[in-house]
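The values are calculated or read from the model by the stated rules, or taken from the named source; none is laboratory data. It should be emphasised that the depicted structure is a prediction, and the values quoted were computed from it without experimental measurement. Please note: Cβ atoms are built from the backbone with ideal geometry, for glycine as well, and neighbour counts cover all protein chains shown.
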Amino acid sequence: MANQNTATVDIGFTHEDFAALLDKYDYHYSPGQIVAGTVFSLEPRGALIDIGAKTAAYIPIQEMSINRIDSPEEVLQSNETREFFILTDENEDGQLTLSIRRIEYMRAWDRVRQLQAEDATVRSAVFATNRGGALVRIEGLRGFIPGSHISTRKPKEDLVGEDLPLKFLEVDEDRNRLVLSHRRALVERKMNRLEVGEVVIGTVRGLKPYGAFIDIGGVSGLLHISEISHDHIDTPHSVFNVNDEVKVMIIDLDAERGRISLSTKQLEPEPGDMVKNPQVVYDKAEEMAAKYRERMMQQGQPEPAAAEAVEEEDLPSATDE
């Protein structure tokens with residue numbers, strides 16, 4: 001009787017049964033999933049990873065890092081367990097392709113979105129320039145600084161290797177666009193030391209039909225045509241030349257848009273002095289600015305600057321002429 005019971009219990013569990021059971025409980029892995037895996041074989045141009053599937057998954061070297069690497073050992077160690085992104089479905093051999101780079105990209109975009117929300121200033125070295133501007137890396141992502149947002153007297157091509165303070169202009173993961181401004185970062189830093197109603201000395205760096213761009217210690221402020229004089233002026237060219245040294249008063253600081261608005265009109269002892277005798281305006285600038293500040297205090301706040309009508313794209317860097 002005992003022998004019969006033993007025969008009943010010792011039913012053979014065949015290889016086919018085991019395979020069927022594995023199939024039944026096998027996890028289905030899909031592209032886009034993030035899974036834990038253990039490195040069990042490093043190869044010259046990739047690595048085999050155990051993620052619990054029937055066949056070892058593979059990660060090619062180009063998917064191991066957001067940065068360029070020359071060997072898998074720079075990123076992975078044997079028997080290391082970490083997260084991997086499933087990049088492609090199983091091939092004909094049942095093998096999945098993995099990525100670490102994709103996880104790093106996702107986290108980098110999350111980080112730059114957070115930095116943009118905080119209106120943070122970041123620093124990065126220029127690694128290349130082109131006709132439109134300069135290229136940098138932020139959190140491993142490739143960022144672009146348009147030429148109009150580079151404020152330096154250096155030729156653009158000499159910026160390679162230079163570390164620049166930068167503000168975010170556009171963070172768009174869907175369009176893979178990361179656009180930054182050197183000018184805005186400089187303006188913010190400069191703004192921290194400037195006040196509305198303050199007289200500063202600057203240099204005319206550019207003339208447009210709507211006004212003059214004045215370089216104030218490396219950042220560009222706009223002297224709108226309506227703020228040059230109480231007298232009517234047809235064009236800023238009739239009052240200024242490029243490279244003229246001028247005294248101007250700050251009438252608006254817009255940190256969010258990275259804009260400094262200036263005036264000489266408010267410094268005129270007599271209406272039209274900027275057209276007739278600019279030196280008189282410069283000689284009495286501090287005295288007239290003190291009166292302006294007093295008026296503004298009585299009114300409670302500075303009057304809005306006419307410069308707000310100018311489009312962001314129209315603003316050149318301090319070196320544009």
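What the table shows:
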| item | result |
| --- | --- |
| Residue list for the range 45-72, restricted to those being charged (D, E, K, R) and either within 22 Å of A108 (Cβ to Cβ) or surrounded by 12 or more Cβ atoms within 10 Å (Cβ to Cβ) (or both) | D50, E63, R68, D70 |
| Scope the range 237-271; condition under 24 Å from M191 (Cβ atoms), out of contact with any strand residue (DSSP E or B) (no Cβ under 8 Å at 6 or more places or on another chain) and part of a loop (DSSP other than H, G, I, E, B); matching residues | A255, E256, R257 |
| Condition broken by T121, with the remaining ones in (1) surrounded by fewer than 18 Cβ atoms within 10 Å (Cβ to Cβ); (2) under 30 Å from I59 (Cα atoms); (3) not basic (K, R) satisfied | (2) |
| Residue satisfying condition, being part of a helix (DSSP H, G or I), out of contact with any Lys or Arg (no Cβ under 7 Å at 6 or more places or on another chain) and modelled with pLDDT under 90, within set E313, E287 | E313 |
| Segments classed as strands (runs of 3 or more DSSP E), wholly inside the range 46-117, with at least 2 members that are more than 16 Å from P31 (Cα to Cα) | 46-50, 81-88 |
| The range 103-114, subset buried (at least 18 other Cβ atoms within 10 Å of the Cβ) and not aromatic (F, W, Y), residue farthest from I66 (Cα to Cα) | V112 |
| Criterion violated by T81 - all others in (1) β-branched (V, I, T); (2) closer than 22 Å to P44 by Cβ; (3) surrounded by fewer than 18 Cβ atoms within 10 Å (Cβ to Cβ) satisfied | (2) |
| From the options I228, I214, I250, I260, residue that is in contact (Cβ under 8 Å) with a residue 60 or more places away in the chain and either crowded, with 24+ Cβ neighbours inside 10 Å or not charged (D, E, K, R) (or both) | I260 |
| Which listed residue, of N241, N192, is modelled with pLDDT under 95 and closer than 30 Å to V136 by Cα | N192 |
| Residues of the range 121-155 satisfying the condition of being β-branched (V, I, T) and either within 14 Å of the chain's Cα centre (by Cα) or assigned to a strand (DSSP E or B) (or both) | T121, V122, V126, T129, V136, I138, I145, I150 |
| Filter result for A185 (modelled with pLDDT under 90, surrounded by 19 or more Cβ atoms within 10 Å (Cβ to Cβ) and on the phi < 0 side of the Ramachandran plot) | yes |
